[in-house]
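See below for the structure under consideration.
The values are calculated or read from the model by the stated rules, or taken from the named source; none is laboratory data. A quick note: this is a predicted structure, and the numbers were derived from the prediction, not measured. Because the Cβ atoms are built from the backbone with ideal geometry, glycine has one as well, and the counts that use them run over all protein chains shown. Surface areas here come from the heavy atoms of the whole protein model, side chains and all, with no ligands, DNA or RNA. Shrake-Rupley method; radii C 1.70, N 1.55, O 1.52, S 1.80 Å.
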Amino acid sequence: MFGSNDQYAQTPDHVLDQLKSMFNRGKPMWDPCPVNPQHDALTLEDWQSDCCYLNPPYGNIQPFLEKAIVETKKGRTIVALIPCRCNTNWYHDKVLNETHVHEIHHVRQGVKFKNYKKKSPFAVCVVVYRPTPRRRLEVKSLDFYTKR
């Protein structure tokens with residue numbers, strides 16, 4: 001479970017629905033990293049929507065965050081579900097110190113990805129890249145499992 005060979009854990013539908021509601025008025029978000037990709041998201045000239053959802057392969061996160069920053073500067077909002085690895089250089093450089101990151105939502109109770117028996121054994125967060133440079137970074141809590 002969650003080995004380095006499995007880089008394609010799928011986001012549960014209820015998580016996607018909540019993120020669509022929060023960040024794209026309930027409308028679908030284009031996914032540059034689908035289960036059966038028909039393209040290479042890193043070499044596409046432009047991602048396909050004004051609001052994209054990114055769940056990158058966790059063994060190769062940095063280039064996807066670099067591409068997200070490029071796409072954000074073109075006017076897109078990128079909502080990324082990534083491991084919360086605050087001890088890594090990429091987390092400091094591409095998340096904490098990136099001026100286009102407006103929000104970090106630390107996910108309570110983790111995420112149980114599709115086709116897995118248990119929730120992820122590591123912390124995850126939702127990082128929101130927006131087209132305008134931020135004035136301040138908002139750090140929030142997000143729970144996909146507690147009924148409100």
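What is the set of long-range amide H partners of Leu54 at a cut-off below 5 Å, with H atoms built 1.01 Å from backbone N?
Val79, Ala80, Leu81
Computed over the Cα atoms of the chain, what is the ratio Rg over Rh, Rh following Kirkwood?
Details: Rg = 14.3 Å, Rh = 15.5 Å.
Looking at the chain, the ratio lands at 0.92.
Quick one: what Rg and Dmax do you get for the range 35-89 from the alpha carbons, in Å?
11.4, 33
Per residue of the range 113-121, in order, report the coupling 6.51 cos²θ - 1.76 cosθ + 1.60 (Karplus, θ = phi - 60°) as ³J(HN,Hα) in whole Hz, putting x for Gly and Pro.
Per residue, the Karplus-derived 3J(HN,Hα) values read 5, 4, 6, 10, 7, 10, 5, 4, x Hz.
Per the Kirkwood treatment, what hydrodynamic radius in Å, one decimal, follows for the range 68-148 from the mean inverse distance over all distinct Cα pairs? Write down the numbers at each step before the final one.
Values: mean 1/r = 0.0741 Å⁻¹.
It works out to 13.5 Å.
Roughly how many Å² is the accessible area per residue of the range 6-64, as a whole number, for a 1.4 Å probe? Show your work: numbers first, answer last.
On the way: 3240 Å² over 59 residues.
Dividing the accessible area of the range 6-64 by its residue count gives 55 Å².
As an exercise, identify the chymotrypsin sites (Phe, Trp or Tyr not before Pro) in the range 75-137 lying in DSSP coil whose Cβ has no more than 13 other Cβ atoms within 10 Å. Walk me through the numbers on the way to the answer.
Values: sites: Trp90, Tyr91, Phe113, Tyr116, Phe122, Tyr129; in loops: Phe113, Tyr116, Phe122.
Those satisfying the criteria are Phe122.
Would you work out what percent of the accessible area of the chain, with all protein chains in place, is carbon or sulfur (probe 1.4 Å)?
Numbers: 3790 of 8230 Å².
Carbon and sulfur atoms account for 46 percent of the accessible area of the chain.
Go through the range 36-47 residue by residue and turn each phi into a ³J(HN,Hα) via Karplus (6.51, -1.76, 1.60, θ = phi - 60°); whole Hz please, and just put x for glycine and proline.
10, x, 9, 8, 9, 4, 6, 9, 4, 5, 9, 6
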